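Beneath this line is the structure, given in structure tokens, with notes to follow.
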Amino acid sequence: MMKEGPDIAGLAALIGDPARANMLTALMSGKALTASELAAEAGVTQQTASAHLAKLDQGGLLRQRKQGRHKYFTLAGAEVAAVLEALMGLAAGAGHLRSRTGPRDPELRKARVCYNHLAGDLGIRLYDSLVARGFLTLGGAGLDLSDAGCGFMQRFGLDLEGLAAQRSPLCRECLDWSERRSHLAGSLGRALLGRFEDLGWAQRVGGTRIVRFSAKGEAAFRRKFPLS
């Protein structure tokens, strides 16, 4: 008997294919990638990749962008990134982990890009610090920035009026796959990561999701966002 409601099985089938899952994970960096780049990430031919990308596009998980002769793909939005991050956490908790040795694993766990905001250990520290100091409050309506938090963010150099005018939520929780705890998403999370980069505290490592803090940058970050 047919049931009414969202087609969870269809969406799960789209994400569950290994090649498509690899493509979606690659796009968690927040960068737009070409079909050939995504084919390399998935380990398939470009023709096969095009077929997979068409399915993901039709399923509403991707957005296409054209620039000149080139076509680029990004995740359709922050909601897709949040679902992927949550699934990664569920897979890690159930013991379904990929074998990938080398320095990337600890660096990914420490600080990485989750679509457009900071995740990993330092992302969780950022969230916990803001909550502990009363700058972020969690209520029935979700996550919100308090008056004290507004003042803190403005002193830190963020344009809150500009952020509030954007279509995306100002503050949103995102479940961190490596720790299965919350980090900060939304336009505020994106702006904070950009501010860390502008200050020279951190930079993204090309071709990966790693966010690498310098020794001085991490020290400044920890001072600015203490846990007690």
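The values are calculated or read from the model by the stated rules, or taken from the named source; none is laboratory data. Everything quoted here is computed from the prediction, not taken from an experiment. We work out accessible area using only protein heavy atoms, side chains counted, and drop any ligands, DNA or RNA first. Shrake-Rupley method; radii C 1.70, N 1.55, O 1.52, S 1.80 Å.
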Practice prompt. Would you kindly derive the ³J(HN,Hα) couplings of the range 140-151 from the backbone phi angles with the Karplus curve 6.51 cos²θ - 1.76 cosθ + 1.60 (θ = phi - 60°), listing them in order in whole Hz, with x for Gly and Pro?
Written response: x, 8, x, 7, 9, 9, 6, 4, 5, x, 4, x
Fill in: Average accessible surface area per residue within the range 148-228, 1.4 Å rolling probe, Å²
52
Worksheet entry | For q = 0.07, 0.14, 0.17 Å⁻¹, Debye-computed log10 I/I(0) when each Cα of the chain counts as one equal scatterer | -0.24, -0.95, -1.30
Practice prompt. Based on alpha-carbon positions alone, could you give the equivalent ellipsoid semi-axes of the range 25-93 from the gyration tensor, as √(5λ), descending, whole Å?
Written response: 21, 14, 11
Worksheet item: So what is the relative contact order of the chain, in percent, for Cα pairs below 8 Å that sit 6 or more residues apart?
Response: 18
Worksheet item: Where the centroid of each part is defined by its Cα atoms, how far is the range 117-169 from the range 9-35 in Å?
Response: 29
Response to the item:
Quick numbers on the range 131-228, Rg and Dmax over C-alpha atoms in Å, give 13.9, 39
Worksheet item: For the range 1-65, what are the per-bin percents of Cα-Cα distances with bins 5 Å wide, up to the bin holding the maximum?
Response: 3, 18, 28, 24, 12, 6, 4, 3, 0
Item to complete: Give me the percent of DSSP beta bridges within the chain that run antiparallel, rounded to the nearest 5.
Response: 100
